[in-house]
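**Student:** Once you've had a glance at the structure underneath, I'll fire off some questions.
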Amino acid sequence: MNWEVVIGLEIHAQLSTKSKLFSGAAVGFGAEPNTQTTLVDLGMPGALPVFNKEALRMAVMFGHAVNAEIGMTSIFARKNYFYPDLPKGYQTSQMDDPIVGKGALDITLEDGTVRRIGITRAHLEEDAGKSLHEDFQGMTGIDLNRSSTPLLEIVSEPDIRSAKEAVAYVKMIHSIVTYLGICDGNMAEGSMRCDINLSLRPKGQSEYGTRTEIKNVNSFRFIEKAIYTEIERQADILEDGGKIVQETRLYDPDKNETRSMRSKEDANDYRYFPCPDLLPVELTEEYVEAIRQNLPELPTQKAARFIEQYKLSDYDAGVLSASRSMADYFETLVNKTKDAKLSANWVMGELSKLLNQSQLEIVNSPVSADSFAELLIRIQDNTINGKTAKDVLQSMWDGEGSADEIIEKKGLVQVTDTAAIEAMVQSVIDANSAQVEQFRASEPDKQKKMIGFFMGQVMKASQGKANPGLVTPILQKLLQG
Amino acid sequence: MYQQNIAALAKQLRSKDISSVELTQSFLSRIKDVDPSLNSFISVTEDTALNTAAEADKLIASGNAGPLTGIPIAHKDLFCTNGILTTCGSKMLHNFIPPYESTVTSRLKQAGTVLLGKTNMDEFAMGSSNENSYYGAVKNPWDTTKVPGGSSGGSAAAVAAGLVVAATGTDTGGSIRQPASFCGITGLKPTYGRVSRFGMVAFASSLDQAGPMARSAEDCAYIMNAIAGFDTQDSTSSEQATDDYVDTLSQPLQGLKIGLPKEYFDSTLNDDIKNTLMTAIKEFEKLGATIKEISLPNLKLSIPSYYVIAPSEASSNLSRFDGVRYGHRCENPKDLLDMYMRSRAEGFGQEVQKRIMVGTYALSEGYYDAYYLKAQRIRRLIKQDFVNALAEVDVIMGPVAPTTAFDIGSKTNDPVAMYLEDIYTLSVNLAGIPAMSVPAGFDNGMPVGLQIMGNYFAEAKLLNIAHQYQQVTDWHLQNPNLAKGA
Amino acid sequence: MSLDTQDVQKIAHLARLALPDEEVQTYQSSLSSVLELVEEMQSVDTSGVDPLTNPLEMTQRLREDEVTETNRRDDFLANAPHSSNGLFLVPKVID
């Protein structure tokens, strides 16, 4: 049977506030267990929540970024269930009146197709703590540092039809929240986690099939793999005439399979009700509008500007605007070199290659944008050629110093003395008389292709330092005899 | 000495007729003598009390004392007190020593009061008789075979018996007013949001409110001056400015319009109580007030509305007592579920478990609209009744409870009989308005309280009215003959 | 509205209260009495009446995003029934 896959995603983005959603405890990753907790985060008797202003502002920013309705009155509700890392026995979340209502965003697939994915809602909620399953005297340890950390849960419509679309959507959300500066986007540390709701239906059928929910997938790659595996699992069941059980599943990246989380099964009556310790959050038009006015440039806007301002191709603009740090790096180069094409080629080429090899994000690049710009300027002023620049970049990457220091230390300054170049060209011609004769006997079209050989010989002789722009006319002159 | 009011004691402390340490020692020794027959205290904090009293004496000597400096008081055992056992009358918290202080107790500490101990109460404030305490029932000082009322029964009994000058209580559905009425003392439930709930173990968050319990309205006013006011730690606390509750006590009542809801004085009210209250109301007429019959048509619905809303909130509020971070944990749990199920079943008493289950049911899928939402809609109708009535009159008067204090054990077998006791007090909490219980006479030797209800944030008015009444009556000065029961 | 013993057991489980068999009946009857008591609400027409969740109908106050608390882990752990290495310990959680 030909199946259509239907996917809706719930993304939990941890908001980059200094303090927690409902308490004055610090938010941070990797602190000693239970050292970033207060009465409120520990659910001590008599503790009461007070709402963090900044979390509200961040949620509204996100709402604007996806052109969503902003909930002018939003209400916190309690989601009741027992779990040891949920200290109050309920999670404070939002149910009927979320801070962000319906919105949408466009994703661009690799083939250039643009698809609009609906956003159902985004709501504020507090995170739970962590259960540590390493053996503590045969018991589980509870660390509540993460308890009450602010999360924005972004719920998509079931508009996603493939693993590729899902990844493109998550990347777009990632890009938006990092652009807005409301989430650090660090998936490895759990700052962004994704729940995948997935079902299959025969192509052409309008009703949805029974779905499963895969919880807490925390990398782009795992999202893609989890979806492929789950599609395969569901298709196998359906093709054997079986039925999908609506349940929560967990993706195991080691085995590349999803498995049922039975422990979550029995607590499905969450008894939501408005939290009586918190009051309705009322926004004013002025407040909402002021946030809209101060919204930073978003990825799609930035891409459009790059195309317009720097005459970049759609593809280049898309790649360079995908992350705010990449775009900022690029624009620093452009500002210093005044050459967008050169800057784009180097960021997308050599720099990306080095980052990939070292598995680094651009913010952690050992070569800063300012230092990189110095290198490009040396290409522009003919101090070095492009080939040498690649070697210099590698040395800069390895920490050997600035572009100028390396060029100086290694004596890589281009030869621009025409007399010296003429001498080099002459010796190449002398050493390759057979090729020279062949060249002279050839048609002009053929000659154009053959000149590359002599060029290579000259560069070799100059140890890459000859300025190719100067070599070409001299070669042509001397070859003609 | 045990019957003197705050102003008189403060004067003697300042004139050095007595020291706070002497006063404290004297009250502590009275607690030792009398409380075994009442059981009004869960813990007596003798050492810290004497230390605080010594500090108070220094402050008095330096001339920087306030009106409450050196005055011995007690707190209901649901206010978290730093370093002092806080049980909420429950086995669940039998070993809980909070490393933090509630706003109410912290402000009273700041005001210089001397804490003698923590008073007994119905477990988690659920009850109207103080029989639901893990620490045993409290007895009424006027007759130890009778209940003191609840849930702040320990505070009421301790004040009535002269074991403390004043005490704190909390009122979710009448828990300050009803025991005040049963024990013949004065108690005020302030407007919801007037006093911070921070550090008060929550029963029903949208109804709970702390307030003073003392012999007179004047003493309550001194306590209110210390505890009322905005607190950044409680989102539901009001930023509205407070009054000076003592300064306004002496205003005349000329022209005061009193509303008497016909639903409060119908045939269900015991005739003797009705007569006692009508006599009290005549006193107000003598003071210049006029009387008008009014109607609060949805009064009867306050029972069902309250007994859905309060248990619903409680079922969620009490989920944190799970044996993980504090409180009771069962022996040798075989797994996580077993730990939850047994710790909670062992830690909570029957009434608490019953209410948790009622609330769990009312919030559960398929029943939420018919129970919780319906109850909240009715709540609005009840509030509207008061808003309408208080547009016509300044205050509303009526009974606090349908009877005087009843016999211990007489209502424990019928699961809902006790709930019906709350008919005159619940609607006030649902609406969030302030209300008092003021001693207004006796019926068969047991005190009868008059309830005075006012508009939002009209605590100063209520205290003023009660104080003026107490200037012309002496019901609040009557003392139980403790020898009889003790 | 009255409950059967299965309802009672289901509610008790949701509320995480161990209910010995001999108590199920007691709770069945006491919970049913309470539900009967509150049944009276259903006779009232509340159409068009908004639920009232907070008596003052105030709106939420906002807190500045500042770290105001310091680490007091040891104070808090002092009340824990079972703790070790700065962690609260519970019977093994199986996911």
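**Student:** Please state which one of B:Lys109, B:Lys189, B:Lys91 is modelled with pLDDT of 95 or more and more than 14 Å from chain C (Cβ to nearest Cβ).
**Tutor:** Working: B:Lys189 fails: more than 14 Å from chain C (Cβ to nearest Cβ); B:Lys91 fails: more than 14 Å from chain C (Cβ to nearest Cβ).
Result: B:Lys109 is the single residue among B:Lys109, B:Lys189, B:Lys91 that is modelled with pLDDT of 95 or more and more than 14 Å from chain C (Cβ to nearest Cβ).
**Student:** Let me ask something additional. When residues of region C:11-48 are filtered for being more than 9 Å from chain B (Cβ to nearest Cβ), under 21 Å from the mean Cα position of the chain (by Cα) and more than 15 Å from B:Asp414 (Cα to Cα), how many remain?
**Tutor:** Going through region C:11-48 one residue at a time, the tally reaches 1.
**Student:** Those residues that are farther than 15 Å from B:Leu277 by Cα and within 15 Å of the chain's Cα centre (by Cα), I need them from region B:413-458; list them, please.
**Tutor:** B:Asp422, B:Thr425, B:Leu426, B:Val428, B:Asn429, B:Gly432, B:Ile433, B:Pro434, B:Ala435
**Student:** Still on this structure, please answer the following. For residues that are closer than 14 Å to C:Val38 by Cβ and without any contact (Cβ under 8 Å) to a residue 24 or more places away in the chain, scanning just region B:341-368, find the one that is nearest to the other protein chains (Cβ to nearest Cβ).
**Tutor:** Ranking the candidates gives B:Tyr361 first.
**Student:** Out of A:Leu144, A:Leu109, A:Leu151, A:Leu124, which single residue is buried (at least 18 other Cβ atoms within 10 Å of the Cβ) and more than 14 Å from chain C (Cβ to nearest Cβ)?
**Tutor:** That would be A:Leu151, the only listed residue that is buried (at least 18 other Cβ atoms within 10 Å of the Cβ) and more than 14 Å from chain C (Cβ to nearest Cβ).
**Student:** Going residue by residue through region B:198-209, is there one that turns out to be under 8 Å from the mean Cα position of the chain (by Cα) and buried (at least 24 other Cβ atoms within 10 Å of the Cβ)?
**Tutor:** No, that holds for no residue.
**Student:** Something else about it: For region A:154-199, which positions are assigned to a strand (DSSP E or B), β-branched (Val, Ile, Thr) and open to solvent by less than 10 Å² (accessible area, probe 1.4 Å)? Steps first, answer last, please.
**Tutor:** If we filter region A:154-199 for residues that are assigned to a strand (DSSP E or B), which is where we start, we get A:154-156, A:160, A:192-199.
Now drop any that are not β-branched (Val, Ile, Thr), which leaves A:154-155, A:160, A:196.
Residues satisfying the conditions are A:Ile154, A:Ile160, A:Ile196.
**Student:** Another question about this same structure. Just for helices (runs of 4 or more DSSP H) wholly inside region A:362-481: which have at least 1 residues that are among the hydroxyl-bearing types (Ser, Thr, Tyr)?
**Tutor:** It comes to A:369-380, A:386-397, A:418-431, A:433-441, A:468-479.
**Student:** Sticking with this one: Which is over 30 Å from C:Val44 (Cα atoms), in contact with a strand residue (DSSP E or B) (Cβ under 9 Å, 6 or more places away or on another chain) and of a type in the set (Lys, Arg), of B:Lys257, B:Lys262, B:Lys274?
**Tutor:** From the options B:Lys257, B:Lys262, B:Lys274, the qualifying one is B:Lys257.
**Student:** What about B:Leu381, is it at the interface with chain C (Cβ under 8 Å from one of its Cβ atoms) and touching a Leu at 6+ places or on another chain (Cβ under 9 Å)?
**Tutor:** yes
**Student:** Could you go through region A:226-239 and let me know if any residue there is touching a helix residue (DSSP H, G or I) at 6+ places or on another chain (Cβ under 7 Å) and modelled with pLDDT of 90 or more.
**Tutor:** Yes, that holds for at least one residue.
**Student:** Hey, could you check region A:312-347 for residues that are in contact with a Ser or Thr (Cβ under 8 Å, 6 or more places away or on another chain) and not small (Gly, Ala, Ser) and say which is surrounded by the fewest Cβ atoms within 10 Å (Cβ to Cβ)?
**Tutor:** In this case the residue turns out to be A:Thr337.
**Student:** Within region B:307-338, can you find the residues that are at the interface with chain A (Cβ under 9 Å from one of its Cβ atoms) and within 17 Å of C:Leu14 (Cβ to Cβ)?
**Tutor:** Within region B:307-338, B:Ser312, B:Glu313, B:Ser315, B:Ser316, B:Asn317, B:Leu318, B:Ser319, B:Arg320, B:Phe321, B:Asp322, B:Leu336, B:Leu337 qualify.
**Student:** Evaluate region A:348-368: report whether one residue or more is surrounded by 15 or more Cβ atoms within 10 Å (Cβ to Cβ), among the small types (Gly, Ala, Ser) and away from chain B (no Cβ under 14 Å).
**Tutor:** Narrowing region A:348-368 to residues surrounded by 15 or more Cβ atoms within 10 Å (Cβ to Cβ): A:348, A:350-351, A:354-355, A:362, A:365, A:367.
Still in the running and among the small types (Gly, Ala, Ser): A:365.
Now narrow it down to the ones that are away from chain B (no Cβ under 14 Å): A:365.
Yes, that holds for at least one residue.
**Student:** Cβ-Cβ below 7 Å, separation at least six or inter-chain, first residue in region A:356-377 and outside the structural domain of A:Thr178 (by TED's automatic domain parsing), second of a type in the set (Val, Ile, Thr): which pairs?
**Tutor:** A:Ala369/A:Thr332; A:Asp370/A:Thr332; A:Ala373/A:Thr332; A:Ala373/A:Thr337; A:Leu375/A:Val392; A:Leu376/A:Thr337; A:Ile377/A:Thr337
**Student:** Being facing another protein chain (nearest Cβ under 7 Å) and open to solvent by 80 Å² or more (accessible area, probe 1.4 Å): is that true of C:Asn71 here?
**Tutor:** yes
**Student:** Under the condition of being open to solvent by 10 Å² or more (accessible area, probe 1.4 Å) and touching a residue at least 24 places away in the same chain (Cβ under 8 Å), which residue from region A:51-63 is farthest from B:Asn317 (Cα to Cα)? Lay out the reasoning, then the answer.
**Tutor:** Residues of region A:51-63 that are open to solvent by 10 Å² or more (accessible area, probe 1.4 Å), as a first pass: A:53-54, A:57, A:61.
Subset that is touching a residue at least 24 places away in the same chain (Cβ under 8 Å): A:54, A:57, A:61.
Details: A:Glu54: 27, A:Arg57: 29, A:Met61: 32 Å.
Only one residue fits best here, namely A:Met61.
**Student:** Conditions: (1) within 7 Å of chain C (Cβ to nearest Cβ); (2) in contact (Cβ under 8 Å) with a residue 24 or more places away in the chain. B:Leu373 meets all but one. Number of the miss?
**Tutor:** Evaluating B:Leu373 over (1) within 7 Å of chain C (Cβ to nearest Cβ); (2) in contact (Cβ under 8 Å) with a residue 24 or more places away in the chain leaves (2) as the failure.
**Student:** I'd like the full set of residues that are more than 7 Å from every other protein chain (Cβ to nearest Cβ), part of a loop (DSSP other than H, G, I, E, B) and either touching a Lys or Arg at 6+ places or on another chain (Cβ under 8 Å) or not charged (D, E, K, R) (or both), limited to region B:203-215.
**Tutor:** Looking only at region B:203-215, we keep the residues that are more than 7 Å from every other protein chain (Cβ to nearest Cβ), and these are B:203-204, B:207-215.
Cutting the leftovers down to part of a loop (DSSP other than H, G, I, E, B) gives us B:203-204, B:207-208, B:215.
Matches in region B:203-215: B:Phe203, B:Ala204, B:Leu207, B:Asp208.
**Student:** Where in region B:1-61 are there helices (runs of 4 or more DSSP H), lying wholly inside it, with at least 3 residues that are open to solvent by 70 Å² or more (accessible area, probe 1.4 Å)?
**Tutor:** B:20-34, B:46-61
The values are calculated or read from the model by the stated rules, or taken from the named source; none is laboratory data. This structure is a prediction, so every number in the text was calculated from the model and none was measured. We place every Cβ from the backbone using ideal geometry, glycine too, and count neighbours over all the protein chains shown. Protein only, heavy atoms only, side chains kept; ligands, DNA and RNA dropped before computing areas. Shrake-Rupley method; radii C 1.70, N 1.55, O 1.52, S 1.80 Å.
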